[in-house]
């Protein structure tokens, strides 16, 4: 699942009445319904697991961009659709009627009405495109937009069939694929893992859904898009500390994978998210990467229906909540992902010598340059940590703090780890520290590069004793 920082733009939510609302089905003709009803009745025996979360229909919208309008598109679509078991329809969606069989429709809007992403946004809205393909995509003068809708019992098989159909049409038309549900353009090579990612009837959800991550006030909001392909709701976590974003993203991945495998919350909204209960072998292995030895490997989360925000998918939305007072929300988030994935916190005991104090002074001087840049919080895709002292029995404990605001000599932030010797200081806790007491800093830039941590090498060399939790 790709994490797309900072973007909430929706690519053409409704185009001249072309695209239906979430899960709105195409009504097949009576003849088509009669011809395929028998196969549909048996579909539940062949397709992925169902749960009370599944809608009555699934939807998948994709587009193919080409340099010129394709020749005889209807014939090419009819041929490919027949090959992959989908019927072609020209009927308008009928939201009140559940579909009896899966069908596909196509329109060719003016390119201005369904423009490809611009070159400077392809970092976020493309996968696997080389420089030449990026130029081709942005220079496209024609687009064909497809919509596949079908009964929920056939969602897994028919969505997979639609992937095969889309790949075949892109090859025949010499075009580039766009997934409207995840807002990503693909090369044929980068599209292939979506087709190869199935274990029987189960998809590896990371290949089919995208996670959007953006700053919402001081903290981050992480929300999935693309689950409508399986007739399932998307998932969101609000108010996430940057230091926990990677693991919260993995938690969302785990919940999504459990949902497509048939899991659902109980009447109280509780869902057990357990790494070892994931059926899909590749997904289970990927989710278990970098799990610490002390991990519990499971956590019970609370899921509650919530209203989508502007830029979210046209779909139902579930929020992973961490019930309790808002002031300690990030502590509960950190505790949940620590339980699920474990932690490798350690503490080093040492005396500050002249060389270490000199390195710390250099680090503090460099950090001060960043004050104005982080006065009102981190910029898009950036994260700043400062190491600051906290009073402990017999001395001080130095801890990393994620900066959320820096005003004058006061830094407001969030602890990235539990304290060893100070009861009550826990990962996710809100604290205020003095800029004048910064011992070191670490700036994580938008491109993933890092600056700072000037004292790390000296600390490692001088460590007299290391204690782990």
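Scan the stretch 259-271 and tell me whether some residue there is outside the structural domain of residue 397 (by TED's automatic domain parsing), under 18 Å from the mean Cα position of the chain (by Cα) and either part of a helix (DSSP H, G or I) or over 29 Å from residue 61 (Cβ atoms) (or both). Yes, the stretch 259-271 contains at least one residue that is outside the structural domain of residue 397 (by TED's automatic domain parsing), under 18 Å from the mean Cα position of the chain (by Cα) and either part of a helix (DSSP H, G or I) or over 29 Å from residue 61 (Cβ atoms) (or both). The residue that is surrounded by the fewest Cβ atoms within 10 Å (Cβ to Cβ), counting only those in the stretch 291-307 that are touching a residue at least 24 places away in the same chain (Cβ under 8 Å) and in a loop (DSSP other than H, G, I, E, B), is 293.
Among the residues making up the stretch 138-154, those that are within 22 Å of residue 226 (Cα to Cα) and either modelled with pLDDT of 95 or more or in a strand (DSSP E or B) (or both) are 143, 144, 145, 146, 147, 148, 149, 150, 151. Residue selection: residue 235 satisfies the criterion of being over 23 Å from residue 405 (Cα atoms), under 12 Å from the mean Cα position of the chain (by Cα) and not assigned by TED's automatic domain parsing to the domain that holds residue 383. Can you tell me which residues in the stretch 353-374 are surrounded by 13 or more Cβ atoms within 10 Å (Cβ to Cβ) and not in a helix (DSSP H, G or I)? Scanning the stretch 353-374 gives 370, 371. When only residues in the stretch 375-387 that are surrounded by 16 or more Cβ atoms within 10 Å (Cβ to Cβ) and at pLDDT below 95 count, which is nearest to residue 242 (Cα to Cα)? Within the stretch 375-387, the match that is nearest to residue 242 (Cα to Cα) is 383. From the list 19, 122, the lone residue that is more than 30 Å from residue 264 (Cβ to Cβ), surrounded by 13 or more Cβ atoms within 10 Å (Cβ to Cβ) and either at pLDDT 95 or above or touching a strand residue (DSSP E or B) at 6+ places or on another chain (Cβ under 8 Å) (or both) is 122. For residue 310, the test of being loosely packed, with under 15 Cβ neighbours inside 10 Å and not in a helix (DSSP H, G or I) is passed. Screening residue 401 on (1) under 24 Å from residue 336 (Cα atoms); (2) surrounded by fewer than 22 Cβ atoms within 10 Å (Cβ to Cβ); (3) modelled with pLDDT of 95 or more shows it passes everything except condition (2). Here the stretch 165-195 is the region considered, the condition is being touching a residue at least 24 places away in the same chain (Cβ under 8 Å) and over 24 Å from the mean Cα position of the chain (by Cα), and the residue that is nearest to residue 119 (Cα to Cα) is 175. Of the residues making up the stretch 101-133, those that are under 15 Å from residue 67 (Cα atoms) and outside any loop (DSSP other than H, G, I, E, B) are 111, 112, 132, 133. Just give me the residues in the stretch 422-453 being buried (at least 16 other Cβ atoms within 10 Å of the Cβ) and in a loop (DSSP other than H, G, I, E, B), in sequence order. If the condition is that a residue be buried (at least 16 other Cβ atoms within 10 Å of the Cβ) and in a loop (DSSP other than H, G, I, E, B), then 425, 426, 427, 428, 429, 438, 439, 453 are the ones that fit.
The values are calculated or read from the model by the stated rules, or taken from the named source; none is laboratory data. Note that the structure is a prediction, hence the values are computed from the model and not measured. Here Cβ is always computed from backbone atoms with ideal geometry, including for glycine, and neighbour counts include all displayed protein chains.
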